[in-house]
Amino acid sequence: MTRKHLPSIITAIAAVTTMATASCAGPGGPSPTGPLAYAVPSPPNATYQLVDSMVTSTGMAGMDISFGVHSVITLGLEFAQDQEGVRVTGTIEELDVSAENEMIGNTSLDESVISGSYELLLSRKGEQEIISSPEFAGMPELSGIGPGMSLTDVSSIATEILPRLPDQVVRPGDAWVDTLAQEVDADGVESATTTVVTYTLAGDTVVDGHAMLHITADSETTGEISMEMMGMTMTQSLGFTTTGLILWDIERGLVAYAESHRSGSWPVEMPPPMPSGEVTITGSTRVRLERNQ
């Protein structure tokens, strides 16, 4: 996949961000009608573009090592009614991943490493029952595209475009909380993290003729990571925060645009006599619903 979509994304981000700063509409503006919850949208399909960037820096014994990952994903979704909720099938149509590592050089990947699709059941609140996920070949070192953006974890990537909803009528100032737990045990890496997300309805607006709800999404992630490196076990007690916004298309019943920014740092403990160090991360994720449907 090429980067040909990036200029349109940047233009959309600028326009939406400008509109979001004045998201509390006055009299006659759009307002939520009925519970804010998931149902099969009309039409029952959607295409999203997800852009994610993350830089991880490790400082140890006076030496800094940086690892950066940038990804652009085009994800097609199909929705269907199910006895237990909404069945969602997701297919990665295009993928462009580039990684920069000061120690091992640069790596890039495209959609040729993927086989299969995502499939899950979605409740009205956005609770997910995972049915299947695609398989990825030749990319174990890039299985984690970033916190909240791991291609190999269905619930992780789905959270970016299918956030938790309250399934009740909401008004400006109303808030609801979601707690996400994730465990990974693969390729010499073990991790367990917990993320607490607080969503707040900030107000409403109209973007390009479409009525939107402006929802803020702030989260805190804590956990532990253990990995093997050069025959030694390195452990980390991580912690970072994320701030973001969501524009919810009232008519479609889908996220039209979302962005989040994460940052944090935590100590790294190595077995003696190796020195301890510190890890710092910065990153951002942007999601945009294509308007060709």
Restricting attention to the range 196-228, and to residues there that are hydroxyl-bearing (S, T, Y) and closer than 22 Å to W248 by Cα, which single residue is surrounded by the fewest Cβ atoms within 10 Å (Cβ to Cβ)? T198
Considering only the range 250-269, I want to know if a residue exists there that is touching a Cys at 6+ places or on another chain (Cβ under 7 Å), at positive phi and in contact (Cβ under 8 Å) with a residue 12 or more places away in the chain. no
Enumeration of residues in the range 111-138 that are modelled with pLDDT of 85 or more and closer than 15 Å to V72 by Cα: E111, S112
For the range 26-35, check the following and say yes or no: at least one residue is at pLDDT 90 or above and more than 30 Å from S265 (Cβ to Cβ). yes
List pairs: first in the range 53-72 and touching a residue at least 60 places away in the same chain (Cβ under 8 Å), second among the aromatic types (F, W, Y) and buried (at least 17 other Cβ atoms within 10 Å of the Cβ), Cβ under 9 Å, 6+ apart or cross-chain? M54/F67; V55/F67; T56/F67; S57/F67; T58/F67
I'd like to check something: does the range 78-94 contain any residue that is surrounded by fewer than 16 Cβ atoms within 10 Å (Cβ to Cβ) and of a type in the set (G, A, S)? yes
Filter the range 205-253 down to residues that are among the acidic types (D, E) and part of a strand (DSSP E or B) and give me whichever is modelled with the lowest pLDDT. E228
Condition first: at pLDDT 85 or above and crowded, with 16+ Cβ neighbours inside 10 Å. Can you find one or more residues in the range 139-159 that meet it? no
Would you confirm, using the coordinates I've provided, whether D167 is in a strand (DSSP E or B) and modelled with pLDDT of 85 or more? no
If you scan the range 179-194, which residues turn out to be at pLDDT below 75, charged (D, E, K, R) and part of a strand (DSSP E or B)? D185
I'd like the full set of residues that are under 12 Å from E220 (Cα atoms) and surrounded by 17 or more Cβ atoms within 10 Å (Cβ to Cβ), limited to the range 181-195. T193, T195
Top-ranked residue in the range 254-283 [being at pLDDT 90 or above and surrounded by fewer than 17 Cβ atoms within 10 Å (Cβ to Cβ); ranked as nearest to I65 (Cα to Cα)]: T282
Any residue that is surrounded by fewer than 21 Cβ atoms within 10 Å (Cβ to Cβ), farther than 21 Å from V184 by Cα and within 17 Å of the chain's Cα centre (by Cα) - is there at least one of those in the range 235-244? yes
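The values are calculated or read from the model by the stated rules, or taken from the named source; none is laboratory data. None of these values were measured; they are calculated from a predicted model. Note that we place each Cβ from the backbone using ideal geometry, even for glycine, and neighbour counts take in every protein chain shown.
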